[in-house]
Amino acid sequence: MKKNHFLIIATAIITIAIGCKKEVASVIESTNDFSEKEQFAQALSIAVHESEALRAFIKTEALKEFDKDYDVFYPYVRDLEIANGKTFRDYMLDNLSELELARIEQALPLLNISVPDWEWLDAFSINSWDTSDADVVVGFSSSSKSHRVYYKGQAVDELSVGMFPANPTIIVKENERMKVVSPATRSEQALYDFADEAFRPEPVTRRDPPEITYYYPVANPGSNLVDTTEFQQSFPEVVAAWKEYGTDPFGAQRRLVYYGIHSGENEGTLNPHIKENILAIRLIGIGCMDDNDIDSRLRDHTFYDQGIPASDMEALINAVWNSGQLEIMLYATTVDSSGNKVVINEKVIPVHAKKLFDISKIERRYWHKTWFTRKEYLYIGRYADLTPKWYYLEYPVRFEHWEPTSESSYITVHAYEKDGSSTTTVTETVKDNDGITLSYTGGQYTFTFNSPNTYTERTVNYTITQGSDDLYWTNMNFNDYIITGEQDGKYSLKVYSTGYLEFILVPEDC
């Protein structure tokens with residue numbers, strides 16, 4: 001795609017005196033080899049630079065799309081008042097003599113000013129034209145491969161076929177969508193009609209829109225890999241346990257973290273400040289994005305008066321998502337030695353879905369309305385084009401203190417997305433792995449690893465909000481690895497999954 005970004009005109013051109021009509025007319029009259037279209041374009045370039053009202057008028061008229069294009073048909077607007085009793089023709093007479101303008105009008109009965117919409121080429125568009133900006137260039141159509149463009153009455157560049165300027169540009173041409181039915185006479189003005197019925201405004205409000213689809217490379221979806229240096233700074237006790245125990249199935253990295261028990265030892269003292277942290281989550285399913293304005297979800301549709309540039313990915317993403325939040329709950333429980341439930345987490349993680357999913361494709365449609373209204377843009381994102389990604393919490397969710405000696409060596413984590421207001425009780429039956437036995441004597445804890453493992457069934461009751469989306473549950477065992485591997489300056493962290501939600505759990509000395 002080619003673009004032509006016009007240069008700021010030279011200082012010598014800027015300082016040319018164009019203060020009075022007589023001087024301007026002499027500049028134009030000295031170019032007798034100009035075509036009528038070029039002469040009109042040159043004069044119009046002065047008029048639009050000097051009058052914001054004229055620029056706004058041209059944009060407003062073009063947006064009416066009277067012939068289903070952004071055209072301003074000169075015979076229809078020449079005598080319309082624009083500002084302070086001044087007509088379009090009056091503005092042109094500021095820069096042309098009456099004789100010159102009459103000659104142009106006679107030679108070009110289908111004289112037209114066109115305002116381009118090159119947004120799809122990432123170039124100038126009438127929809128983004130700020131008419132308060134006086135910098136506008138004016139070109140004209142011709143049979144040659146290139147032609148001059150004018151700024152304040154001076155030729156400043158050449159516009160070739162296939163070039164699409166990025167700055168405000170209007171084109172003087174003949175309207176091929178109109179025809180002369182009856183030529184002008186001394187007593188009557190010319191009569192016009194559409195050259196084809198296809199150009200006549202339709203009585204419908206909308207018709208099938210063309211479609212543009214923006215494709216985006218999916219951003220890094222993240223992973224359970226973390227930088228070793230950064231992780232060491234935040235969780236030194238976990239790194240120390242990894243270096244000592246590695247993936248020894250009987251080593252239990254949490255032995256060192258919770259009790260300070262080194263390899264070859266069986267006794268240690270519980271650190272009461274150790275707490276588990278939800279470090280990151282990844283939502284696998286999309287079923288919890290309900291059709292309401294509270295949950296974060298893709299919009300059904302949203303219309304915009306102005307198109308969004310293809311390069312503004314953040315604005316496009318905001319266009320397809322609503323402003324709601326998902327409330328992810330990881331309800332974590334264990335049981336004490338008497339079989340009573342102990343809740344160690346019921347905090348909610350509020351998060352917008354765009355932090356949990358990347359979108360690989362956004363569809364843009366634009367809707368033509370009737371000739372007296374402007375177009376609108378519709379942006380569409382589809383759930384099929386979403387890719388789950390890891391969301392590392394800005395502030396990890398910290399569990400309450402867990403004491404594996406007097407409580408179960410298992411934690412049950414039940415996940416759901418919170419909706420509604422009323423509550424209901426849920427009952428789950430889970431199995432505890434009795435493979436670890438801890439005894440307490442004289443201020444020290446002694447670990448025993450049983451083989452083969454035995455299990456104890458227990459029933460867990462918990463309360464959820466009525467209407468919440470169940471993301472199911474999983475168990476976390478004291479003996480689970482925290483770090484599962486190390487390679488290329490990255491630690492691989494243990495990932496837990498309920499089938500619909502994945503999360504990373506890391507203990508910390510708080």
* Structure fact -> region 303-364: strands (runs of 3 or more DSSP E) wholly inside it with 3 or more residues that are closer than 13 Å to G381 by Cα and touching a residue at least 12 places away in the same chain (Cβ under 8 Å) are 357-359
* One residue from S408, S337 being at pLDDT 75 or above, surrounded by 14 or more Cβ atoms within 10 Å (Cβ to Cβ) and not charged (D, E, K, R) -> S408
* **region 111-145, residues that are assigned to a strand (DSSP E or B), touching a helix residue (DSSP H, G or I) at 6+ places or on another chain (Cβ under 6 Å) and hydroxyl-bearing (S, T, Y)** => S125
* Taking only pairs six or more apart or across chains, which ones have beta-carbon atoms under 6 Å, a first residue in region 378-407 that is more than 30 Å from D336 (Cα to Cα), and a second residue that is part of a strand (DSSP E or B) and of a type outside the set (A, V, I, L, M, F, W, C)? -> L378/R365; Y379/R364; I380/E363; D385/K361; T387/D358; P388/R282; K389/D358; W390/R282
* Asked: Among all residue pairs at least 6 apart or on different chains, which show Cβ distances below 6 Å where the first residue, located in region 154-165, is in the same structural domain as L44 (by TED's automatic domain parsing) and the second is small (G, A, S) and in a strand (DSSP E or B)?
  -> E158/S146; L159/G139; S160/S146
* Structure fact -> Inside region 266-285, the number of residues satisfying the requirement of being exposed (fewer than 15 other Cβ atoms within 10 Å of the Cβ) and either out of contact with any strand residue (DSSP E or B) (no Cβ under 9 Å at 6 or more places or on another chain) or among the β-branched types (V, I, T) (or both) is 3
* Structure fact -> For region 491-502, pairs from a residue that is over 19 Å from G246 (Cα atoms) to a residue that is small (G, A, S) and outside any strand (DSSP E or B), with Cβ under 9 Å and 6 or more apart or across chains, are G499/G285; Y500/G285; Y500/G287; L501/G285
* Tally of residues being over 20 Å from Y150 (Cα atoms), within 35 Å of the chain's Cα centre (by Cα) and β-branched (V, I, T) across region 30-83 -> 1
* Go through region 87-104 and give me each residue that's without any contact (Cβ under 8 Å) to a residue 24 or more places away in the chain and in contact with a Lys or Arg (Cβ under 6 Å, 6 or more places away or on another chain). => R89
* For region 133-152, name all the residues that are more than 23 Å from L96 (Cα to Cα) and touching an Asp or Glu at 6+ places or on another chain (Cβ under 6 Å). => S146
* Out of (1) within 43 Å of the chain's Cα centre (by Cα); (2) in a loop (DSSP other than H, G, I, E, B); (3) charged (D, E, K, R), the odd one out for R148 is which? -> (2)
* For region 38-56, indicate whether the set of residues that are modelled with pLDDT of 90 or more, surrounded by fewer than 19 Cβ atoms within 10 Å (Cβ to Cβ) and among the hydrophobic types (A, V, I, L, M, F, W, C) is non-empty. => yes
* Structure fact -> Selection from region 106-127 of residues surrounded by fewer than 16 Cβ atoms within 10 Å (Cβ to Cβ) and modelled with pLDDT of 90 or more yields Q106, A107
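The values are calculated or read from the model by the stated rules, or taken from the named source; none is laboratory data. Small disclaimer: the values here were computed from a predicted structure and weren't measured. Cβ atoms come from the backbone with ideal geometry, glycine included; neighbour counts cover every protein chain shown.
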